[in-house]
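The values are calculated or read from the model by the stated rules, or taken from the named source; none is laboratory data. Everything numeric in this text was worked out from a predicted model, so none of it was measured. Quick reminder, even Gly has a Cβ in these numbers, built from the backbone with ideal geometry, and neighbours come from all protein chains shown. Each accessible area value is taken on the protein alone, full model and side chains, heavy atoms only, with ligands, DNA and RNA left out. Shrake-Rupley method; radii C 1.70, N 1.55, O 1.52, S 1.80 Å.
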Amino acid sequence: MKKLFALALALCLLCSFALAEEEIPTLNWADVEDQVKESGSFQQVAFQDVATLLYWVPNNMAAIDVNQIQADPAPVAVFATEDGNYSISVFALIIPSLEEYLNGLSANGTANFKNVTINGIDCVACENEAKNCDILIVPITDTSVLVYNFMPLNGDDGWDATKVAIISSIQVAQ
C-alpha cells in the first residue's frame, strides 16, 4: 500500500510538472507521508557561512566517504544503496552567475529545465540523459549553488518516489 501511495504521489507530481507550463510547481516536506519521513534521516550541508540546508536521505542509502572520490569538483556528500544502483551526490559550487551556469549545463547536454519551489526556495530542476541523472540546482547566493545529482535518471517506481521525497525535504536549517 505504501508503494502504491508513493507511486501515485510521484505520478501526480510528474503530471503536475508536465501540465503546469505557466505555474511553478511547489513541493513541501509537510506534504510527505509520515511513514516515508520515518524511513530516513536528515543530513545537512553548510555553505560558506551563508546558509545551511537540510535534506532527507532514506535509511537504505549509506554515506560514501567523499575523500575517496577523485572528481573536479568533488562532491560534499554522496549516498548510495548497498548495490550501488541508486545514488545522490551533493555539490557546493561557486559559479559566475546562475544564468551562465545553466547555459553551460545546456551546452553540455542538460535539458528539460523547470523552475520549482521547494519549501519556499526557488530552484531549477533538469536532467542529463548522457550522464543518466536528474539534477536539482538550489541557488544560495548570486554566485553559489548547491547541486543535487540523482542517479539513475530513470529507475523503478520506488526510486522516482524516493527522489520526490528527497527533493521535497530540502529546506533551510532553522
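A few notes on this one:
- Here the accessible area of region 81-122 is 45 percent carbon and sulfur, with a 1.4 angstrom probe and all protein chains present.
- Nonlocal amide H pairs with I140, under 5 Å, H built at 1.01 Å: V145, L146
- Placing a label point 7 Å from the Cα of E129 along the Cα-to-Cβ direction, the residues of region 98-118 whose backbone N falls under 13 Å from that point are 109-112.
- Using the rule -39500 (n - 2.57) for each DSSP H run of four or more residues, divided by the residues of the chain, the 222 nm mean residue ellipticity is -8000 deg cm²/dmol.
- Label-to-label distance for V172 and V76 is 1.5 nm, based on points extended 7 Å past Cα in the beta-carbon direction.
- When you restrict to C-alpha pairs under 8 Å that are six or more residues apart and normalise by the size of the chain, the relative contact order lands at 26 percent.
- Number of Lys-Lys pairs in the chain with C-alpha atoms under 19 Å apart and a separation of 8 or more places or on different chains: 8.
- Tensor-based shape of the chain (alpha-carbon gyration tensor, a/c under 1.5 rounded, otherwise prolate or oblate): rounded
- For region 76-83, putting each phi into the Karplus relation 6.51 cos²θ - 1.76 cosθ + 1.60 with θ = phi - 60° gives couplings of 8, 7, 9, 10, 8, 6, 4, 7 Hz, in residue order, rounded to whole numbers and with x for Gly and Pro.
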